[in-house]
1. Pick from 212, 251: which is away from ligand 3 (no atom under 16 Å from the Cβ) and modelled with pLDDT under 95?
2. Tell me, please, whether a residue that is at pLDDT 95 or above, in a loop (DSSP other than H, G, I, E, B) and in contact with a strand residue (DSSP E or B) (Cβ under 9 Å, 6 or more places away or on another chain) can be found in the stretch 283-291.
3. Among the residues of the stretch 315-352, which ones are more than 30 Å from residue 7 (Cα to Cα) and touching a helix residue (DSSP H, G or I) at 6+ places or on another chain (Cβ under 6 Å)?
4. Which residue is nearest to ligand 4 (Cβ to nearest atom), if the candidates are limited to the stretch 192-216 and must be within 15 Å of residue 81 (Cα to Cα) and in contact with a strand residue (DSSP E or B) (Cβ under 6 Å, 6 or more places away or on another chain)?
5. So, in the stretch 63-73, how many residues would count as being modelled with pLDDT under 95 and near ligand 1 (Cβ under 9 Å from one of its atoms)?
6. Residues of the stretch 173-189 being within 16 Å of ligand 3 (Cβ to nearest atom) and in contact with a helix residue (DSSP H, G or I) (Cβ under 9 Å, 6 or more places away or on another chain), which ones?
7. Which helices (runs of 4 or more DSSP H) does the stretch 320-432 wholly contain that include 2 or more residues that are within 23 Å of the chain's Cα centre (by Cα)?
8. Do you know which residues across the stretch 75-100 are under 30 Å from residue 404 (Cα atoms) and either free of Cβ contacts under 8 Å to residues at least 24 places away in the same chain or away from ligand 1 (no atom under 16 Å from the Cβ) (or both)?
Ligand code: ATP
Ligand code: MG
Ligand code: MG
Ligand code: MG
C-alpha cells in the first residue's frame, strides 16, 4: 500500500472514531500541572487526570496522536532503526469502559484488515505478561494466533512511575531475514534487542495506580491505554530500512545533504550524523513551538544538549557553521497539516535556534582546544580519565553539556570523572545558595534579568519574558 505518514495518522484516528472514540488534539509537550514529568512522553501522559479519576471525561473512549519526547532513548538515536527523542504516539484509550478483549480485537482488526492497514497476519507476533492468562487466551482463542506467536515475557508490566500501571501486551512486525537471521542470536525474538521483530504497538491494561509512596492500589475502574509509534508503522508500510527514510524524515535529511560535504548513504558514521540531526531538529522545533527554550536547567538544558549534540554530529559531515535554523521550515512543511502551530511560529523558532547555535559556535573551538590539551596532559600521566573539574569548567564557562564532553572524550577512549564533576556542581549550588542568602530579593531580580538580557539580547522581549519565567 502506498500511504503517507499523514494518511496513516488520520487512518488511526478515523478507525477509532468509528469505534465510538472522541479525537483529542495533541497536547503540548510541556506538561501542565504535572511536576513528575519533564516532557510529555506518551499518549497517556496527558490523560492522567482521567485515568486516576480526578476528572470524568465526557466520553470514556478517547483517541489521539500525541507528540512525545523521550530523552532516555538519546543514545540509541541514529544507531537503531526505531528510536527518536521526538516521536508521535498513536493511542486509543478506555476510561473504565471497554477492556482487554475489545482493545486487542480492534488492534488486530486495524493492523490486518484490508480496508485499514492490511498487514499479513503471518508477520505479526505478540508478547504477554507471564501471569496474564486472560490476554493469552484472547490472542489464541478469540483472535486465532498460533501459540508460537504468543510469547510470555516478564517485562510486560507497564509502569511510568506515579500514575496508572498494569500488565501489557505488545505487537511485533517481522521485517524479515534481511534484518536478522542468525539463529544463535539470543536477542532475536519479539521483545528482544533486535531490528527484525519491530515493536510497533503496546496495549496496556491499566488496572492499578502507582501511588507517590510506591504502593499499588487497584483503580476504581479498569482502563485501556495503548501506544503505537507512528514513525515505526510508517517505516513498515513504506518499507524503508529505518524510520529515517520515511516521508517524516527524508526531506530533513535531503536538506541537510545540501549543506554537508557528505551524502546520506556514504557511510554508517555519516548516516548516524544525518539521522541525529534530523531527529534533534524535530525535537527542538516542536519543543520551542510549545514554549520551551534553551537554558542551563531542566527542559531548557535538554534542548541545549540536543542542539549542541547535533552540532557535534554535523561537524563530522563537514558542517562548521550554524545551519539547524535553516532546517526548521523542512520540519514545519512535513508536519503542517496536523501541527499548523509550528508553521505559525516558524520564524520565532528559527531565531531561538540560530541564537543558540551562534552562541555555541563562539565558544566551541576554544572548548575543543581545551579538551584536547587536557587529554594530552592526562595521556602523558598515563590516565584516560577526564578530570571532573575540567568537565565542570567546560560546562560552566564554555556551555558544554556534561554529556557532550563525555561523548567527545569517549571518541578518544576517555571516560569522565563523574564524581568530581558532581562535587563541583554541588560547590556551585552551595555558592549560589549563600549568595542568595546575602543579597536581598530586589538585587537578585536585577541580577537574573541582567544576565538574561545580556545572553538573549538577540531575540527580543517576548523571549526574555519566557526565559525569565523559566529561570525563576
Ligand atoms: P522499545 O522497546 O523499542 O524501546 P518501548 O517498549 O520503550 O520501545 P513503549 O513505552 O512501549 O516503547 O511505547 C509505546 C510505543 O511507542 C512503542 O511500541 C513504539 O512503537 C513507540 N516508541 C517508544 N519509544 C520510542 C522512541 N524512542 N522512538 C520512536 N518510537 C517509540
Ligand atoms: Mg524504549
Ligand atoms: Mg519495548
Ligand atoms: Mg513497549
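The values are calculated or read from the model by the stated rules, or taken from the named source; none is laboratory data. Small disclaimer: the values here were computed from a predicted structure and weren't measured. All Cβ positions, glycine included, derive from the backbone under ideal geometry; neighbour counts span all protein chains shown.
1. Details: 251 fails: modelled with pLDDT under 95.
Matching residue, one of 212, 251: 212.
2. Quick first cut of the stretch 283-291, residues at pLDDT 95 or above only: 283-291.
Imposing the further condition that a residue be in a loop (DSSP other than H, G, I, E, B) reduces the set to 290-291.
Within this subset, residues satisfying the condition of being in contact with a strand residue (DSSP E or B) (Cβ under 9 Å, 6 or more places away or on another chain) are 290.
Checked the stretch 283-291: at least one residue is at pLDDT 95 or above, in a loop (DSSP other than H, G, I, E, B) and in contact with a strand residue (DSSP E or B) (Cβ under 9 Å, 6 or more places away or on another chain).
3. Step one: list which residues in the stretch 315-352 are more than 30 Å from residue 7 (Cα to Cα), which gives 315-323, 351-352.
Scanning the stretch 315-352 gives 316, 317, 322, 352.
4. Narrowing the stretch 192-216 to residues within 15 Å of residue 81 (Cα to Cα): 192-200.
Remaining after also requiring in contact with a strand residue (DSSP E or B) (Cβ under 6 Å, 6 or more places away or on another chain): 197-200.
Numbers: 197: 12, 198: 11, 199: 5, 200: 9 Å.
Among residues in the stretch 192-216 that are within 15 Å of residue 81 (Cα to Cα) and in contact with a strand residue (DSSP E or B) (Cβ under 6 Å, 6 or more places away or on another chain), the one nearest to ligand 4 (Cβ to nearest atom) is 199.
5. Within the stretch 63-73, the subset modelled with pLDDT under 95 is 71-73.
Keeping just the survivors that are near ligand 1 (Cβ under 9 Å from one of its atoms) gives 72-73.
Of the residues in the stretch 63-73, 2 are modelled with pLDDT under 95 and near ligand 1 (Cβ under 9 Å from one of its atoms).
6. 173, 174, 175
7. Values: elements: 324-335, 340-344, 346-380, 388-398, 402-410.
So the answer is 324-335, 340-344, 346-380, 402-410.
8. Our first condition is that a residue be under 30 Å from residue 404 (Cα atoms); within the stretch 75-100, this holds for 75-89.
Selection gives 75, 76, 83.
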